[in-house]
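So the structure is just underneath, and the comments pick up after that.
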Amino acid sequence: MQITVENLQKARRLDARQFLEVFNESTATLKAELANLNTIVSRFSDFSKMPAPKFVRVNVNAVLRNAVRLFEPQFTEVGKPTITKEPFLTDPLPEIDADPDLLHRAFQNLVLNAMDAMPAGGTLTLRTSEHLGNVRIEVADTGKGLTPEECSRLFTPYYTTKQMGTGLGLAIIQSVVSDHHGTISVTSEEGRGTTFRIELPQRQPGQKGKPREPAPDAKKDTPSTLAAASD
């Protein structure tokens, strides 16, 4: 931003037409930088103020669908590279003890991470299933993939493979999963894409009975085409 401001100061010596060109370009750059700073501050705030989970019975499929659906207005912008969404959600899927708001935040970050990995478009695959008494969630992309070293450091706070990243998105996801006594892992192949896998227990320690009925599930998914938006 300092360079942009300096360019504006120098532009005072230009004629009116040239100054207007520099002014418009500089203000657009400043707006983009401020938006990025706002995102960074928001993620730092999210990471530092992660609340303790409030467990209720949750339909994981519904939370995952809603996390994806929120971004659809951005995904369908004209001129953006397209991403084909392929959902393979087991139905019925056992309900679990979870905090729906924290789970939504984790799924949201996973989907955004997958979108960022496919700037030229690709396929976003969503899977849910029951595995050894747990509920498994997988979010996969067909981006450029990651090296083994990158995979080993992904969940380290402030580590990022993105030019404008904060290194907090995946750390937030890991924190949410850990607070739910679950596990998260990543597999990746360079040139073919990356898959994140979360496994969550159906019951949390000390939880008895059914705190409340989960929200009604959304309508059944069908494959659809989305357009990716860069972070």
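Identify the residue in the stretch 100-128 that is touching a strand residue (DSSP E or B) at 6+ places or on another chain (Cβ under 7 Å) and closer than 19 Å to Gly182 by Cα and, among all such residues, is surrounded by the fewest Cβ atoms within 10 Å (Cβ to Cβ).
Selected residue: Arg127.
How many of the residues in the stretch 133-156 are part of a loop (DSSP other than H, G, I, E, B) and either touching a Gly at 6+ places or on another chain (Cβ under 6 Å) or without any contact (Cβ under 8 Å) to a residue 12 or more places away in the chain (or both)? Before the answer, list the steps.
As a first pass, look at the stretch 133-156 and keep what is part of a loop (DSSP other than H, G, I, E, B): 133, 142-147, 154-156.
Restricting the remaining residues to those that are either touching a Gly at 6+ places or on another chain (Cβ under 6 Å) or without any contact (Cβ under 8 Å) to a residue 12 or more places away in the chain (or both) gives 142-143, 145.
Of the residues in that region, 3 qualify.
Every residue, every condition in (1) small (Gly, Ala, Ser); (2) over 23 Å from Ile184 (Cβ atoms), yes or no:
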position: Arg65; (1), (2): no, no
position: Leu70; (1), (2): no, no
position: Lys85; (1), (2): no, no
position: Leu110; (1), (2): no, no
position: Ala114; (1), (2): yes, no
position: Gly121; (1), (2): yes, yes
position: Leu124; (1), (2): no, no
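Which residues, taken from the stretch 129-143, are over 17 Å from the mean Cα position of the chain (by Cα) and either surrounded by fewer than 18 Cβ atoms within 10 Å (Cβ to Cβ) or not basic (Lys, Arg) (or both)?
Quick first cut of the stretch 129-143, residues over 17 Å from the mean Cα position of the chain (by Cα) only: 129-136.
Ser129, Glu130, His131, Leu132, Gly133, Asn134, Val135, listed by residue number.
Any read-out appearing in this document is the output of simple, stated calculations on the displayed coordinates, not a laboratory observation. Please read these numbers as outputs of a predicted model, since none were measured by experiment. Here the Cβ is made from the backbone with ideal geometry for all residues, glycine too, and neighbour counts use every protein chain on show.
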